[in-house]
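A.B. asks: Structure provided below as structure tokens; questions to follow.
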Ligand code: WT7
């Protein structure tokens with residue numbers, strides 16, 4: 001399946017960048033990075049221009065990352081206000097409801113007034129520049145409006161995915177000391193209600209939350225009658241009724257925080273990834289334009305949720321900074337039926353569709369019928385993100401969904417990188433199914449062996465980036481030492497991605513997956529340690545070890561080994577209870593797929609769990625366990641193999 005798909009003539013013809021232009025741009029970006037990024041910074045409107053492009057040290061002893069440091073701008077101004085003159089009546093956000101009968105087109109002018117009004121409400125509730133605001137929202141326009149309203153007044157938002165539990169929400173509110181939460185009465189997904197306000201109420205009772213939280217701003221969405229706490233909970237529509245329609249944009253330093261977004265790492269607690277104003281916005285706008293070959297009037301749809309970085313960079317900030325028409329979808333791929341994605345494409349005449357391999361595989365399982373029932377003639381470009389896309393799914397996406405007319409951009413990046421790093425450009429790059437292909441201009445990847453030696457040419461190793469780019473994260477909120485340790489301590493002066501990767505003879509990159517204890521479940525990151533600590537919090541559990549295993553739809557599934565406390569019977573009921581328990585503790589995305597009872601776990605004599613062995617057993621590769629001579633009790637392994645679940 002190593003088929004090469006040459007650049008499609010139609011894509012080359014319309015594209016802003018062909019292969020020669022890509023090569024020239026790449027060359028320029030390497031030879032003169034400051035000149036290159038200065039030129040790119042011209043994409044944004046600056047209240048005050050910067051005089052210094054870059055002030056970066058990746059030295060672990062003095063780690064700092066600053067771009068366009070003394071420049072002054074406002075992200076909301078760049079995403080909204082500056083478009084009013086030229087495209088005030090153009091659609092900015094095209095919203096499609098979970099219910100196919102509901103949709104809404106919001107023009108840049110309307111967006112301006114709705115953002116300004118919400119910003120004024122935030123101000124009335126005491127939010128000032130420098131504060132943090134947590135968003136716990138369904139996929140409704142108010143989610144984007146709230147992000148922009150925060151940006152407008154200089155408050156950093158922290159969006160918490162609406163599928164996370166009250167505990168997960170509470171932890172994130174406390175960690176960044178949010179003064180205010182913006183939520184909705186309920187969300188709606190696949191015809192089912194999500195009790196967002198009730199979850200916020202539950203979070204309020206968790207330790208520490210009310211030390212910081214002063215108010216909860218509630219959007220009326222389903223009109224469910226939710227209890228409102230006097231003096232704390234406020235309806236947006238009531239507060240908005242008597243605020244002004246305009247609100248000045250706060251002048252922000254380029255390095256002032258724009259947002260915090262929590263993501264899982266290999267240790268227990270999620271990290272608050274901090275992105276700042278100038279570099280992030282520039283990088284989101286730049287990549288959105290070149291990767292999707294976005295041109296005026298294109299109708300662009302990214303199916304992600306705003307709770308993830310993909311939603312931040314490619315539903316909200318990148319597209320809106322570019323004056324694009326960006327679609328926001330409240331629903332799911334299989335509701336009311338498996339044609340939904342393509343019905344939405346036809347209904348809104350979508351030109352660019354950016355989704356995840358897990359969705360493609362789930363749709364592929366239903367066969368070609370639901371796809372063929374739709375036209376999809378408006379589609380010009382397809383995108384993939386979140387995990388490696390297997391060649392079978394790639395070919396199906398290309399041939400069945402795109403009918404061989406649409407290039408696929410397989411975009412590799414991370415919450416930490418702010419935007420796309422390695423990806424084809426539709427008019428420039430010959431495609432190889434399963435490869436994210438080549439780095440974007442301005443990005444310098446390298447492969448290292450475990451000792452930190454740089455590997456040249458065709459090679460497989462650990463993926464690092466060797467020079468800063470404007471979209472990189474600046475720190476872990478409140479824990480700079482963790483930032484240094486996680487990304488810059490493995491290899492000197494290199495940003496370590498946590499991914500393994502192969503480079504072929506053509507210089508194409510093939511991401512092989514995480515090399516740390518981070519799982520990728522349906523394109524979402526989940527730390528094994530997070531799931532383990534949820535499990536051991538259950539009274540029946542003595543010890544737990546979590547690993548990933550190959551899963552047809554999700555890419556990776558969650559495989560759990562549980563050692564029960566003495567005297568506890570391993571029953572089917574308990575298995576179901578533990579799955580429910582983890583769901584409740586973290587959220588549905590963390591639900592274990594398989595739970596194996598483990599009378600003991602394989603440990604070294606010093607007591608360290610040998611995950612390598614557990615991973616092999618979960619992957620059914622137990623014929624090749626490698627060196628087991630350091631095990632304290634080798635018999636444990638035989639029992640685990642005999643009782644493995646993933647046959
Ligand atoms: C991890 C980052 C950034 C968007 C959503 C996920 C994996 C992401 C690809 C791809 C292979 C990919 C990597 C990465 N990943 N995109 N196109 N091909 N792997 O963001 O939650 O920060 O996860 O997702 O393992 O490190 P995230």
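Laboratory data are not the source of any read-out in this text; all were calculated from the coordinates shown. If you're wondering where the values come from, they're calculated on a predicted model, not measured in any experiment. Every residue, glycine as well, gets a Cβ built from its backbone with ideal geometry; the counts of neighbours run over all protein chains shown.
A.B. asks: Give me the percent relative contact order of segment 522-643, please, defined on Cα pairs under 8 angstrom at least 6 residues apart.
C.D. replies: Values: 175 pairs, mean separation 27.9, N = 122.
Relative contact order comes out at 23 percent.
A.B. asks: Only helical DSSP H runs with n ≥ 4 go in: add -39500 (n - 2.57) per run for the chain, normalise by residue count and round the 222 nm mean residue ellipticity to 500 deg cm²/dmol.
C.D. replies: -8000 deg cm²/dmol
A.B. asks: Ordered by packing density, taken as the mean number of other Cβ atoms within 10 Å over each peptide's residues, highest first, how do 267-275, 89-97 rank?
C.D. replies: In descending order of packing, they fall as 267-275, 89-97.
A.B. asks: Give the relative contact order (percent, whole number) for segment 427-523; include only Cα pairs under 8 Å separated by 6+ residues.
C.D. replies: 29
A.B. asks: Would you list 511, 443, 641 from fewest to most Cβ contacts within 10 Å?
C.D. replies: The most exposed by this proxy come first: 641, 511, 443.
A.B. asks: Counting other beta carbons within 10 Å of each residue's own, what order do 412, 235 fall into, fewest first? Write out the running numbers ahead of the final one.
C.D. replies: Values: 412 26, 235 15.
Listing 412, 235 from fewest to most nearby Cβ atoms yields 235, 412.
A.B. asks: So for each of 244-252, 152-160 I average, over its residues, the number of other beta carbons within 10 Å; can you give me the resulting order with the highest mean first?
C.D. replies: 152-160, 244-252
A.B. asks: Roughly speaking, what is the centre-to-centre gap between segment 169-209 and segment 442-521 when only Cα atoms are used, to the nearest Å?
C.D. replies: 34
A.B. asks: What FRET efficiency comes out for the pair residue 103/residue 638, r = Cβ-Cβ distance, R0 = 41 Å, nearest 0.05?
C.D. replies: Here the calculated transfer efficiency is 0.10.
A.B. asks: Run the numbers for residue 51 and residue 584: contour at 0.36 nm per residue of separation, minus the present Cα-Cα distance, in nm.
C.D. replies: Between residue 51 and residue 584, full extension yields an extra 186.9 nm.
A.B. asks: Obtain the nm distance between the two label points defined at residue 399 and residue 568 by a simple spin-label model: each point lies 7 Å from its Cα along the Cα-to-C-beta direction.
C.D. replies: Spacing of the two 7 Å Cα→Cβ label points: 4.9 nm.
A.B. asks: I'd like to compare 475-481, 384-390, 404-410: which one has the highest average count of other Cβ atoms within 10 Å, and what's the full order after that?
C.D. replies: Taking the mean over residues of other Cβ atoms within 10 Å, the ranking is 384-390, 404-410, 475-481.
A.B. asks: Relative contact order (percent) for the chain, with alpha-carbon contacts under 8 angstrom and 6 or more residues of separation?
C.D. replies: Once divided by the residue count of the chain, the mean separation gives 14 percent.
A.B. asks: Can you tell me how the chain classifies by the Cα gyration tensor, rounded, prolate or oblate, using a/c under 1.5 as the rounded cut?
C.D. replies: The shape class here is rounded.
A.B. asks: Exposure proxy check: 112, 234 ranked by fewest other beta carbons within 10 Å?
C.D. replies: 234, 112
A.B. asks: For segment 65-90 and segment 550-586, compute the distance between their C-alpha centroids and round to whole Å.
C.D. replies: For segment 65-90 versus segment 550-586, the Cα centre distance is 47 Å.
A.B. asks: If R0 is 30 Å, what FRET efficiency do you get for residue 453 and residue 605 from their C-beta distance, rounded to 0.05?
C.D. replies: Approximately 0.45, to the nearest 0.05.
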